[in-house]
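Data block below; observations after.
The values are calculated or read from the model by the stated rules, or taken from the named source; none is laboratory data. These numbers come from a predicted model, not from an experiment. Here the Cβ positions follow ideal geometry from the backbone for every residue, glycine too, while neighbour counts run over all protein chains shown. What goes into the accessible areas is simple: the full protein's heavy atoms, side chains included, and nothing from ligands, DNA or RNA. Shrake-Rupley method; radii C 1.70, N 1.55, O 1.52, S 1.80 Å.
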Amino acid sequence: AVPRGRARSAMARHAAARLPPIVKELVPMLSSVLDSQRVTAAAFLAELLGSPALSERLLLEPVVDSVLARQRDPCGAVRVLALRGLGNVAAGAPDKARKHGAKLLAALLHGLDDKDDAHNLVALEAMGGLARLLERVEARDAQAMQLHVAIRIRPFFDSVSAAARGPALRDPTPRVPALHVPALRVPALRVPALCVTAPRVPTPRACKFALRMCGPCMGCAGLCDMFCNHLREERGLHYGEFLNDVCKHLVSAARSLPPVPAVPVVPAPMPSALPQMQSYPETLNRLVCTNMFYFKSSWVDIRAAAPMFIGFLVVHGAEEQCQQVDLDPLLDGEWSR
């Protein structure tokens with residue numbers, strides 16, 4: 001188990017003046033040959049990074065640099081604690097989180113690729129840190145990382161571990177700035193929409209939360225209202241009707257919008273998401289191809305939901321959109337089990 005302590009908050013409240021000598025003693029312990037010493041030092045410093053007292057005494061940046069150096073520590077608990085500390089910077093020093101946003105996000109992304117993380121503890125901490133930091137960093141830093149975040153968390157949607165699936169859907173996903181880029185908004189819905197009736201309770205709850213958070217970014221009032229009204233955690237859901245209405249909103253809203261001008265213009269503060277079916281005509285085919293991947297899911301409910309999603313998309317799609325969809329893989333029996 002990775003330790004969580006309250007010593008940091010007590011020190012910050014009652015003995016902040018003594019932090020410099022304590023930090024000076026603890027930082028060298030991060031390089032100790034003993035795992036126990038490295039874990040103790042990392043745990044204390046990680047919690048301390050969530051306190052404004054560290055930044056006020058000009059200790060934040062040296063501690064962040066020392067914690068960053070432990071990303072490749074041979075002890076998994078130390079790596080988890082290092083990522084926890086980096087995520088805590090969002091609460092302890094929001095201004096520093098903005099200043100060093102690119103560096104912090106890159107470190108947390110690296111945690112998602114940990115090869116020695118058999119139980120996903122490092123990845124879970126990285127996702128939690130990303131969720132906290134994405135709301136604090138500069139927009140340009142977040143946008144530069146948006147595709148990398150989406151790619152890195154994507155494998156956890158299909159993880160056999162419910163403990164990994166839930167945070168992947170609930171934590172970074174709704175906050176990824178990719179949802180403010182028209183070309184990526186509708187594809188971002190596909191996994192939560194498929195898994196919203198998953199057989200394990202934490203996963204559908206996380207999916208409902210993710211879709212409710214994504215709704216306001218979609219630029220479609222009907223879709224946003226539907227997510228907010230029908231995806232409450234305590235309410236049941238008729239999945240077929242829900243998915244049919246989602247596809248209807250996506251396609252009909254795209255049809256009603258005027259063509260996107262060939263010359264780029266300065267975007268509005270909240271550009272509409274749904275012109276992408278027109279301005280990105282390959283989106284429908286991409287959604288179909290992605291849903292085909294779930295034909296081989298280990299969950300029978302997901303295997304049933306994927307072709308339903310495809311069917312509703314094609315039924316409600318305009319003729320010119322459907323002509324670009326390659327249905328041959330659906331008809332050649334490749335996906336039969």
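Consider ALA123 against the criteria (1) buried (at least 17 other Cβ atoms within 10 Å of the Cβ); (2) within 17 Å of ALA91 (Cα to Cα): it satisfies all of them except one. Which criterion is unmet?
(2) is the only condition that ALA123 fails.
I need a count of the residues in the range 1-28 that are assigned to a helix (DSSP H, G or I) and at pLDDT below 80.
Applying the first criterion (assigned to a helix (DSSP H, G or I)) to the range 1-28 yields 7-14, 16-28.
Filter once more, so that each one left must be at pLDDT below 80: 7-14, 16-17.
The qualifying residues number 10.
Looking at ASP328, ASP332, which one is in the same structural domain as LEU211 (by the TED database), at pLDDT 75 or above and open to solvent by 30 Å² or more (accessible area, probe 1.4 Å)? Can you show your working first?
Details: ASP332 fails: at pLDDT 75 or above.
Exactly one residue qualifies, and that residue is ASP328.
With the condition kept exactly as written, say whether any residue in the range 286-295 is among the β-branched types (Val, Ile, Thr) and at pLDDT 75 or above.
yes
How many of the residues in the range 85-103 are open to solvent by less than 50 Å² (accessible area, probe 1.4 Å) and in contact (Cβ under 8 Å) with a residue 40 or more places away in the chain?
Going through the range 85-103 one residue at a time, the tally reaches 13.
Condition first: at pLDDT 55 or above, open to solvent by 40 Å² or more (accessible area, probe 1.4 Å) and among the β-branched types (Val, Ile, Thr). Can you find one or more residues in the range 231-252 that meet it?
No, the range 231-252 has no match at all.
Would you be able to tell me the number of residues in the range 313-325 that are open to solvent by less than 70 Å² (accessible area, probe 1.4 Å), in a loop (DSSP other than H, G, I, E, B) and closer than 17 Å to THR290 by Cβ?
Total satisfying the criteria: 2.
Which of the following residues is within 23 Å of LEU19 (Cβ to Cβ) and out of contact with any strand residue (DSSP E or B) (no Cβ under 7 Å at 6 or more places or on another chain): ALA46, ALA131?
ALA46
Evaluate the following for PHE227: is it in a helix (DSSP H, G or I), in contact with a Lys or Arg (Cβ under 6 Å, 6 or more places away or on another chain) and at pLDDT 80 or above? First the steps, then the outcome.
Values: in a helix (DSSP H, G or I): yes; in contact with a Lys or Arg (Cβ under 6 Å, 6 or more places away or on another chain): yes; at pLDDT 80 or above: yes.
So PHE227 fits the description; yes.
How many residues does the range 38-84 contain that are acidic (Asp, Glu) and open to solvent by 30 Å² or more (accessible area, probe 1.4 Å)? Walk me through it before giving the result.
Within the range 38-84, the subset acidic (Asp, Glu) is 47, 56, 61, 65, 73.
Within this subset, residues satisfying the condition of being open to solvent by 30 Å² or more (accessible area, probe 1.4 Å) are 56, 61, 65.
Going through the range 38-84 one residue at a time, the tally reaches 3.
Of all residues being in a loop (DSSP other than H, G, I, E, B) and of a type outside the set (A, V, I, L, M, F, W, C) in the range 126-137, which is most open to solvent (accessible area, probe 1.4 Å)? Just the residue, please.
Filtering first and then ranking leaves GLU135.
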